[in-house]
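Structure first, commentary second.
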Amino acid sequence: MSERPNTPLLDTVRQPADLKYLSDEDLRKLADELRAEMIWTVSQTGGHFGAGLGVVELTVALHSVFDTPRDKLVWDVSHQCYPHKILTGRREQMLTIRQKDGLSGFTKRSESPFDPFGAAHSSTSISAALGFAVARDLGGDCDTGHGDAIAVIGDGAMSGGMAFEAMNNAGHLGKRMIVILNDNEMSIAPPTGAMSSYLSRLYAGAPFQELKAAAKGAVSLLPEPFQEGARRAKELLKSATVGGTLFEELGFSYVGPIDGHDMESLLAVLRTVKVRADGPILIHAITKKGKGYAEHRADRGHATAKFDIATGEQKKAPSNAPSYTKVFAQSLIAEAVDDPKVVAVTAAMPDGTGLDLFAERFPTRCFDVGIAEQHAVTFCAGMAAGGLKPFAAIYSTFLQRGYDQVVHDVAIQRLPVRFAIDRAGLVGADGCTHAGSYDVGYLANLPGFVVMAASDEAELRHMVRTALEIYDRPSAFRFPRGEGVGVELPERGQALEIGKGRMIAEGNRVAILNFGARLKEVQEAAESLSQKGVTPTVADARFAKPLDQEMILQLARHHEALITVEEGAVGGFGSHVAQLLAERGVFDTGLKYRSMVLPDIFIDQASPADMYAVAGMNAEDIEAKVLRTLGVEVMEKRA
């Protein structure tokens, strides 16, 4: 275990107000200690630390200059919030981050008054900060007074259309607010699109040393109205790069670019802006993701398991089965070899969705559109209408951002877009903000949609092939995060009959109808029940839409009880089954029907097993549900 670093200055900081007593030189030293503390902490816990390492100096400068929590500091996505948490009274809790009953890996309103807005999805910070600015000016926050509103947004998040919607509105309203563009040219995936190119051009024209020197003049980088009376302004103007035409056209005053790791520059600019800004202003800071430790890693330390600081080696348990994501990617590649019309789209998550493997093999047929799920969906719809066979590989939680496009641009037009929905169900350390709890509910209610869920990695391979062969309507197949269950994989997937489930085991009295990756837990519960004299019938639905009506009705008519199990919220598969049973009058026969779904709560971060325990959906919970449902009969048999 690595030794905790020596941090004499950081040890004096209990809250941001303590920074007010430090000199500028001490603030620079504090940033060094904060970076060392953060590296040590994440080495013990794992987590997202590349973005945080890139904003250490910025975090110190912001909390030194502004008066949080009176001033509202909103971190976009908030992967970069670890240094912020350390400085805001949560240092000793950092060893619990992303763990059960511990700190969230993101900002969270219920966790601290220094987290005025919770964030875990991208491109929301400017909208939220503008909301705080308007609330301030209309007297909405009487308790904390009239503070500033500051949004810190990365260059990757700026590719999200919501950021520009917010900037357009902010420029129109003209409210005093500050947006800090943290430009590290390295979001989760390499930045894509015209915005990335535009930002690069803003600081490509002058040597960085000159920009650094110019920034030390602080106000020399400010737009013209603020340059009056600036120290050394006349001498420094010739070496300063003042750009940002796009942002200025949106109504923002533009400052930058400045060196986001130069404490002197940051403090000078922030102090000047705090005193003199009277409308929306954007500060463009150039940083390095992973600064001081992981800047040379391919992912710059975006996400990591526990690791050895000296070697960087991550402490991961050996895998006995391939991940679902890898099985999806390999299956799609196999289909694309034979079919040149297969194309794939990701929204800034090529590694996370496995499409980095697809892109290596088919670079002209794989598209990373940036953090732009709405565009990704309609882009796929256009390609489908044009005769291609698009697969949109998007996490369940992120597909929510493109739901209107799924309805209007895909479903209504019956376009054969295939949605590969990764991270279905509960995902563990990222917590409720990344849970894939709702996709079955929001897709299975759309006319004409085919909705599938893989119970193991072999089924996933079959579902990739099945989706490929659906040519007259949209389809989706969902699969969880992490490793498969270790079943034997077929070399190629075989198309499933649409709307047909499969029988797993014949039993009596009670039937358990599984949908998705809880099948292993269902089988464990069935085995335990059989030892208690109850031998359930087990079936795998495969499809939530269309339902296998024949199989479901047979199960209902030949068993005392029917229990459905799914990794999703109420309103999904079980609700569709209940509707079928009600319409066919099956409940009139005395059938005991129960539906096991995720509870009506947001479940905080923990291991997936712990989260499913909270949800009451592990094997022992399924067993207990069966026994409770059979009730008196079981008690009589025991007697």
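The values are calculated or read from the model by the stated rules, or taken from the named source; none is laboratory data. Please read all numbers here as calculations on a predicted model, not as lab measurements. Cβ coordinates were reconstructed from backbone atoms using ideal geometry, including for glycine residues, and neighbour counts include every protein chain displayed. Remember, those area values only see protein heavy atoms, side chains included, never the ligands or the DNA or RNA. Shrake-Rupley method; radii C 1.70, N 1.55, O 1.52, S 1.80 Å.
Quick check on the stretch 361-397: of everything there that is of a type in the set (Lys, Arg) and surrounded by fewer than 22 Cβ atoms within 10 Å (Cβ to Cβ), which residue is nearest to Leu443 (Cα to Cα)? Walk me through how you get there before you give the answer.
Step one: list which residues in the stretch 361-397 are of a type in the set (Lys, Arg), which gives 361, 365, 389.
Keeping just the survivors that are surrounded by fewer than 22 Cβ atoms within 10 Å (Cβ to Cβ) gives 361, 365.
Working: Arg361: 31, Arg365: 26 Å.
Only one residue fits best here, namely Arg365.
Name the helices (runs of 4 or more DSSP H) wholly inside the stretch 519-625 in which the number of residues that are open to solvent by less than 30 Å² (accessible area, probe 1.4 Å), under 25 Å from Phe449 (Cβ atoms) and not polar (S, T, N, Q) is 1 or more.
Working: elements: 519-530, 549-557, 573-583, 608-615.
It comes to 519-530, 549-557, 573-583.
State yes or no: is Ile498 surrounded by fewer than 20 Cβ atoms within 10 Å (Cβ to Cβ) and not aromatic (Phe, Trp, Tyr)?
It is true that Ile498 is surrounded by fewer than 20 Cβ atoms within 10 Å (Cβ to Cβ) and not aromatic (Phe, Trp, Tyr).
Looking at the stretch 323-354, which of its residues are within 16 Å of the chain's Cα centre (by Cα) and not in a helix (DSSP H, G or I)?
Let us first name the residues in the stretch 323-354 that are within 16 Å of the chain's Cα centre (by Cα), namely 325, 346-354.
Thr346, Ala347, Ala348, Met349, Gly354 - these are the residues of the stretch 323-354 that are within 16 Å of the chain's Cα centre (by Cα) and not in a helix (DSSP H, G or I).
Select from the stretch 502-518 the residues that are among the acidic types (Asp, Glu) and part of a strand (DSSP E or B) and list them in ascending order. Before the answer, list the steps.
Our first condition is that a residue be among the acidic types (Asp, Glu); within the stretch 502-518, this holds for 506.
Residues satisfying the conditions do not exist here.
Between a residue in the stretch 1-27 that is of a type in the set (A, V, I, L, M) and any residue that is open to solvent by 50 Å² or more (accessible area, probe 1.4 Å), which pairs come within a Cβ distance under 6 Å, given they are 6 or more apart or on different chains?
Leu9/Lys29
Going through the stretch 414-472 one residue at a time, which ones are under 22 Å from the mean Cα position of the chain (by Cα), among the acidic types (Asp, Glu) and buried (at least 24 other Cβ atoms within 10 Å of the Cβ)?
Asp422, Asp439
Taking Gly174 as meeting all but one of (1) in contact with a Gly (Cβ under 6 Å, 6 or more places away or on another chain); (2) open to solvent by less than 30 Å² (accessible area, probe 1.4 Å); (3) over 17 Å from Asp604 (Cβ atoms), write down the number of the exception.
(2)
Considering only residues of the stretch 442-480 that are assigned to a loop (DSSP other than H, G, I, E, B) and touching a Leu at 6+ places or on another chain (Cβ under 9 Å), which is farthest from Ile421 (Cα to Cα)? Give the steps one after another, and end with the answer.
To start, the set of residues in the stretch 442-480 that are assigned to a loop (DSSP other than H, G, I, E, B) comprises 445-449, 454-456, 470-474, 479-480.
Cutting the leftovers down to touching a Leu at 6+ places or on another chain (Cβ under 9 Å) gives us 449, 454-456, 473-474, 479-480.
On the way: Phe449: 14, Ala454: 11, Ser455: 14, Asp456: 14, Arg473: 17, Pro474: 13, Phe479: 6, Pro480: 8 Å.
The qualifying residue farthest from Ile421 (Cα to Cα) is Arg473.
Does Thr12 fit the bill of being open to solvent by less than 30 Å² (accessible area, probe 1.4 Å), more than 30 Å from Ala613 (Cβ to Cβ) and among the polar types (S, T, N, Q)?
Numbers: open to solvent by less than 30 Å² (accessible area, probe 1.4 Å): no; more than 30 Å from Ala613 (Cβ to Cβ): yes; among the polar types (S, T, N, Q): yes.
No.
Quick grid of which residues meet (1) touching a His at 6+ places or on another chain (Cβ under 7 Å); (2) open to solvent by less than 30 Å² (accessible area, probe 1.4 Å); (3) modelled with pLDDT of 85 or more; (4) under 23 Å from Gly154 (Cα atoms):
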site: Lys289; (1), (2), (3), (4): no, yes, no, yes
site: His296; (1), (2), (3), (4): no, no, no, yes
site: Thr311; (1), (2), (3), (4): no, no, no, no
site: Tyr324; (1), (2), (3), (4): no, yes, yes, no
site: Ile333; (1), (2), (3), (4): no, yes, yes, no
site: Thr353; (1), (2), (3), (4): no, yes, yes, yes
site: Ala359; (1), (2), (3), (4): no, no, yes, no
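Residues are listed down the side, and each one gets a yes or a no for (1) over 27 Å from Ala613 (Cα atoms); (2) of a type outside the set (Gly, Ala, Ser); (3) at pLDDT 95 or above:
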residue: Ala435; (1), (2), (3): no, no, no
residue: Val440; (1), (2), (3): no, yes, yes
residue: Ser455; (1), (2), (3): no, no, yes
residue: Met463; (1), (2), (3): yes, yes, yes
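Can you work out which of the residues in the stretch 120-129 that are surrounded by fewer than 24 Cβ atoms within 10 Å (Cβ to Cβ) and among the hydrophobic types (A, V, I, L, M, F, W, C) is nearest to Ser64 (Cα to Cα)?
The extreme case among them is Ala128.
Sort through Gly105, Gly52 and tell me the only one that's crowded, with 24+ Cβ neighbours inside 10 Å and part of a loop (DSSP other than H, G, I, E, B).
On the way: Gly52 fails: part of a loop (DSSP other than H, G, I, E, B).
After applying the criteria, what remains is Gly105.
Among the residues of the stretch 71-85, are any in contact (Cβ under 8 Å) with a residue 40 or more places away in the chain, assigned to a helix (DSSP H, G or I), more than 22 Å from the chain's Cα centre (by Cα) and farther than 24 Å from Val134 by Cα? Please lay out each step first, then the result.
Taking the stretch 71-85 and keeping what is in contact (Cβ under 8 Å) with a residue 40 or more places away in the chain, we get 71-80, 82-83.
Next, from what is left, pick out any that are assigned to a helix (DSSP H, G or I): 79-80, 82-83.
Then keep just the ones that are more than 22 Å from the chain's Cα centre (by Cα); that gives none.
Among the residues of the stretch 71-85, not one is in contact (Cβ under 8 Å) with a residue 40 or more places away in the chain, assigned to a helix (DSSP H, G or I), more than 22 Å from the chain's Cα centre (by Cα) and farther than 24 Å from Val134 by Cα, which makes the answer no.
Going by the structure shown, is Gln400 over 26 Å from Ala334 (Cα atoms), within 20 Å of the chain's Cα centre (by Cα), open to solvent by 50 Å² or more (accessible area, probe 1.4 Å) and polar (S, T, N, Q)?
Values: over 26 Å from Ala334 (Cα atoms): yes; within 20 Å of the chain's Cα centre (by Cα): yes; open to solvent by 50 Å² or more (accessible area, probe 1.4 Å): yes; polar (S, T, N, Q): yes.
Against the criterion (over 26 Å from Ala334 (Cα atoms), within 20 Å of the chain's Cα centre (by Cα), open to solvent by 50 Å² or more (accessible area, probe 1.4 Å) and polar (S, T, N, Q)), Gln400 qualifies.
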